[in-house]
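None of the figures in this text is laboratory data; all of them are computed from the coordinates on show. Given the structure is predicted, the values throughout are model-derived calculations rather than measurements. Cβ coordinates were reconstructed from backbone atoms using ideal geometry, including for glycine residues, and neighbour counts include every protein chain displayed.
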2 protein chains.
Amino acid sequence: MLQRKVILAIADGVGDRPHPLLNHETPLEFAKTPHLDKLALMGISGMMDLIGSGIPVGTDMGHMILFGYQPHHYPGRGPIEALGIGMEVQEGDVVLRCNFATVDDNGIVVDRRAGRIRQGTDEIADAINGLELQGVKVYVKPATEHRAVLILRGAGLSENISDSDPKAPNDGCPYQEVQPLDDSEESKRTASILNNLLSKFHAILSDHPVNAKRVEQGKLPANFLLTRGAGKLARLEPVTDELNIKGSCIAGESTVLGVARLAGFKAITDSSMTGNIDTNIELKAKLAIEEIAHSDMVLVHFKAPDLKGHDNEPLEKAKAIEQFDKMVGLIAQGLPDNTYLALAADHSTPCEVGEHTGDPVPVLIYGPSVRRDRNWRYNEIDCAYGGLGHLTGNEFVRTLYGLMGRVKKLGN
Amino acid sequence: MLQRKVILAIADGVGDRPHPLLNHETPLEFAKTPHLDKLALMGISGMMDLIGSGIPVGTDMGHMILFGYQPHHYPGRGPIEALGIGMEVQEGDVVLRCNFATVDDNGIVVDRRAGRIRQGTDEIADAINGLELQGVKVYVKPATEHRAVLILRGAGLSENISDSDPKAPNDGCPYQEVQPLDDSEESKRTASILNNLLSKFHAILSDHPVNAKRVEQGKLPANFLLTRGAGKLARLEPVTDELNIKGSCIAGESTVLGVARLAGFKAITDSSMTGNIDTNIELKAKLAIEEIAHSDMVLVHFKAPDLKGHDNEPLEKAKAIEQFDKMVGLIAQGLPDNTYLALAADHSTPCEVGEHTGDPVPVLIYGPSVRRDRNWRYNEIDCAYGGLGHLTGNEFVRTLYGLMGRVKKLGN
């Protein structure tokens, strides 16, 4: 079988709706995108529902699909975050997303983000990392700013427990006691151990030198760990093993890197990949070309369109798209002959909504011997007339795997 | 999440095929439909298979789908008819559609419709309503003309029984003994009780004053109840609860009103809604605008195209479509800014066939920030080039729910 390679460039949340500030065009229509449109001219395009018509998906779920998984493989946000920041997750681990927070003597949450603490979280995490209670060992690792991930490792733990985080906008409410969410002994035990651990954490962190210094400086101390989104990692076969390929993912965002690790892809990042409009597109394009030399599939993620959609800034979203266009142009320039360049998005984030929606997103495949269609523009209106038609996320990635020569024949 | 509303106008059976009497155009192409075409110009369109390619559906099933259910939720025609005429259906009830019929002394069905009896059915029904036999209580309510609904209420009943109705065109055949359709005790008992009840009904009705008078006048007596389509109501969550919306349905036809009640929609009707071409389109449009003010979704049903398709009257069908066009124009005139106006049909009823077929039907969505496509005509040919592509009934309604902001995000 002829085997080829794919570079898939993902514009996070790029799908949108016509907007009055853009002459009633979508940001993709409005933006100057010569490189995307050239690929549309030379390639084949279509419209994709990540899961199904009208169903909004999160960035994690959208990338699960784009990395080749089915919706029911979704392991919950905790495990994805842990993988994203490079923690090792073992089978049976209960993984929780956390905030370092400020709690007063009566258990009232003064600030869910401990004054958006940026420095000292490594030391604070060190003070509780490795604690053990009733056979359960604790692993804590900070993520960006006030965020962290907590892993409980031990026999007979359950992820079916409630959050201690009272959730925004509930500053001024007490933190919640963790409750079992079913009648199993495992859930009861896990909730009880976690409640004891949270008290211990509070005692240790209240006396921590980093916090003593913060209080001296008039800052809020990071003296509590608010937990949410407990999950376990299902035993998933890495997509790379299933397809017998090597994969790489280039991204600034830890969620995307987490899904990439889950799927068996090499996760590549750099501090200049900011996850915003000022991200280092030259480096991303350069790495994509370097990686495809020894990989079969490279995913390059570009976050900014999603942020501008959430912020309802259509002109800024169009600018972000123009940066994405430049990045794709650089990749196209260095694209090897045996490699497809594909475009997709993980979901729509229409400016007028400010949230992910279930509107379909445009997709495109350019490369060797592709069946060119009649469409020559990459956007939500024109790609609806593309030769790929309307397809689901799984259908789209399977189309790519098929072009790569990696899908097993059924029958003989 | 941004939440919006939808008015969905349904032209029953509007889908058709090119017809020689219409210059080989379909009735939708042939009819003058300025309002439908304006919505096509300003909106996005597509083609819909209610369930799947080539599969014809009944009006009840088609509406089940349009109200948001899956095909396997279909409870049988009996329960839908019962809800349609405002009967209360309880869990465990076996519900049957019936005809008041004329049977001679040998059990031969002389007329399945008792001379299309129109008056006196309330009194006749009263004579058998409330009867009890072996712990089973009988509820009978007349519908239009010779039609009625029979409910058997009691413990341990089964809907898996055959029809006593020999079906058209079998006048002159004996009525059928009801048989259990499986080996369960429940089915055997239900069949036996119903056979006994039918004999009792016959005895009571034969002596009824309404029938005595009919015989005097040379009319056929309504002395028997032919039963068919036994069903039980599955415990279905109302769509309105699932989506957390308020819904209203405006229709003249009891089947549609029954499905509406099942789905948790307020069922609105009026005697001037005739279910034919002379229906009160001004009232329907006025009510649609009034209802959407305090509802999230309003379905407006228009029956006439289906009737003209069944009757193989393509010119009349085109006229019916022009009435539908006027109704839609009136709704569009009063449409609030936050509301989509969508068009659909429950199935095709091609004139040349005179029956429901599995030909797909055109659909359309017009409204705030919709992704306008290149199509400007609402019919079976042009909508195949619309931006929605080809989709199933469930995909279409989920698209609407997505635009309404009522579909839960999967992932984070």
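So, counting K/R as plus one and D/E as minus one, what does the shell of residues with Cβ under 13 Å around A:ASP49 add up to? Walk me through the numbers on the way to the answer.
On the way: positive: B:ARG398; negative: A:ASP346, A:ASP359, A:GLU380, A:GLU395, B:GLU395.
Here the charged neighbours net out to -4.
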Along Cα→Cβ at 7 Å, what distances in nm separate the B:GLY107 label point from those on the other copies, shortest first?
7.5
Between region A:100-171 and region A:302-324, the Cα center-to-center distance that results, in Å:
32 Å
Size of electric dipole in region A:82-231: Cβ of Lys, Arg +1 and of Asp, Glu -1, about Cα centre, debye, nearest 20
480 debye
Assuming 1.567 mPa s and 4 °C, estimate D for region A:26-127 with Stokes-Einstein, Rh taken as the Kirkwood radius over Cα pairs, in µm²/s.
71 µm²/s
Which whole number gives the average count of other chain Cβ atoms within 10 Å of the Cβ atoms across peptide A:56-66?
3
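Of all the stretches in chain B, which is the longest one without any exposed loop site, taking GluC sites (Glu not before Pro) in a DSSP loop (any state but H, G, I, E, B) with at most 16 other Cβ atoms within 10 Å? Each step should come with its number before you reach the end.
Details: sites that count: B:GLU88, B:GLU91, B:GLU145, B:GLU177, B:GLU352, B:GLU355.
It runs B:178-351.
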Put +1 on the Cβ of each Lys and Arg and -1 on the Cβ of each Asp and Glu in chain A; which of A:LEU150, A:LEU236, A:ALA318 then has its Cα farthest toward the positive end of the dipole?
A:LEU236
Around A:ALA251, what is the net charge, scoring Lys/Arg as +1 and Asp/Glu as -1 over all other residues with Cβ under 13 Å from its Cβ?
-3
Rounded to the nearest 500, what is the 222 nm mean residue ellipticity of chain B from helices alone, with -39500 (n - 2.57) per DSSP H run of 4+ residues and division by all residues?
-9500 deg cm²/dmol
In chain B, which residue puts its Cβ closest to the axis that turns chain B onto chain A, and how many whole Å away is it?
B:GLY389, 3
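Are any of the pairs B:LYS266/B:LYS317; B:LYS266/B:LYS319; B:LYS38/B:LYS246; B:LYS5/B:LYS409 more than 22 Å apart by Cα-Cα distance, and if so, which? Please report the intermediate quantities before stating the final value.
Numbers: B:LYS266/B:LYS317 29 Å; B:LYS266/B:LYS319 29 Å; B:LYS38/B:LYS246 28 Å; B:LYS5/B:LYS409 19 Å.
In this structure, B:LYS266/B:LYS317; B:LYS266/B:LYS319; B:LYS38/B:LYS246 exceed 22 Å between Cα atoms.
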Could you pull the copy-to-copy label distances for B:HIS24, with points set 7 Å along Cα to Cβ, in nm to one decimal and sorted shortest first?
3.6
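Give the shape of region A:176-286 as rounded, prolate or oblate, defined through the alpha-carbon gyration tensor: a ≥ b ≥ c are the square roots of its eigenvalues, a/c under 1.5 means rounded, and otherwise the shape is prolate if a/b is larger than b/c and oblate if not. Could you put the intermediate results ahead of the total?
Values: a/c = 3.74, a/b = 1.33, b/c = 2.81.
Because a/c hits 1.5 or more and a/b fails to exceed b/c, region A:176-286 counts as oblate.
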Over all Cα pairs of region B:235-325, how is the pair count split among 5 Å bins, expressed in % and running from 0 up to the last occupied bin?
3, 15, 22, 20, 17, 11, 8, 3, 1
Note down the magnitude of the dipole of chain B about its Cα centre, charges +1 on Lys and Arg C-beta and -1 on Asp and Glu C-beta and zero elsewhere, to the nearest 20 debye.
980 debye
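From the square roots a ≥ b ≥ c of the eigenvalues of the alpha-carbon gyration tensor of region B:81-198, which class results: rounded (a/c under 1.5), prolate (a/b over b/c), or oblate?
Working: a/c = 1.86, a/b = 1.20, b/c = 1.55.
It is oblate, given that a/c is not under 1.5 and a/b is not larger than b/c.
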Given contacts defined as C-alpha pairs under 8 Å and at least six residues apart, what's the relative contact order of chain A, whole-number percent?
34 percent
Extending each Cα 7 Å along its Cβ direction at B:SER206 and B:CYS173, get the distance between those two points in nm, one decimal.
2.3 nm
Along the charge dipole of region B:33-130, pointing to its positive end and built from +1/-1 on Cβ of Lys, Arg, Asp and Glu, which listed residue (B:ASN106, B:ILE80, B:ALA125) has its Cα farthest out?
B:ILE80
List, in order, the whole-Hz ³J(HN,Hα) value for each residue of region B:92-103 obtained from phi through the Karplus relation with A = 6.51, B = -1.76, C = 1.60 and θ = phi - 60°; use x for Gly and Pro.
x, 4, 9, 10, 10, 7, 9, 10, 6, 9, 10, 10
Calculated label separations, A:LEU41, copies of the chain, 7 Å along the beta-carbon direction, nm:
3.2
Hey, got the dipole for the protein assembly as shown? About the Cα centre, +1 on K and R Cβ, -1 on D and E Cβ, debye to the nearest 20?
1080 debye
Net charge within 14 Å of B:VAL215 by Cβ-Cβ distance, Lys/Arg positive one each and Asp/Glu negative one each, not counting B:VAL215 itself?
-2
At 20 °C and a viscosity of 1.002 mPa s, what translational diffusion coefficient does Stokes-Einstein give for chain A, taking Rh as the Kirkwood radius over Cα pairs? Give it in µm²/s as a whole number.
95 µm²/s
Can you tell me the FRET efficiency between B:SER184 and B:GLU88 if r is taken as the Cβ-Cβ distance and R0 is 30 Å, rounded to the nearest 0.05?
0.70
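What are the equivalent ellipsoid semi-axes of region A:262-379, built from the alpha-carbon gyration tensor (square roots of five times its eigenvalues), in whole angstrom, biggest first?
24, 19, 13
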Compute a Gaussian network model of chain A, connecting alpha carbons closer than 10 Å, and tell me which residue from A:LEU299, A:LEU226, A:LEU131 fluctuates the most.
A:LEU131
Classify the protein assembly as shown as rounded, prolate or oblate, taking a ≥ b ≥ c as the square roots of the eigenvalues of its Cα gyration tensor: rounded when a/c is under 1.5, otherwise prolate if a/b is larger than b/c and oblate if not.
prolate
Candidates B:LEU66, B:LEU283, B:LEU181: whichever shows maximal mean-square fluctuation once chain B is modelled as a Gaussian network with Cα springs under 10 Å
B:LEU181
When we measure straight from the Cα of A:LYS137, which lysines land under 25 angstrom away, once same-chain ones fewer than 8 places off are left out?
A:LYS188, A:LYS200, A:LYS232
Given a 10 angstrom Cα cut-off, can you work out which residue in B:GLY247, B:GLY358, B:GLY62 is the most mobile in a GNM of chain B?
B:GLY358
Post the alpha-carbon centroid distance, region A:1-63 to region B:1-52, in whole angstrom.
29 Å
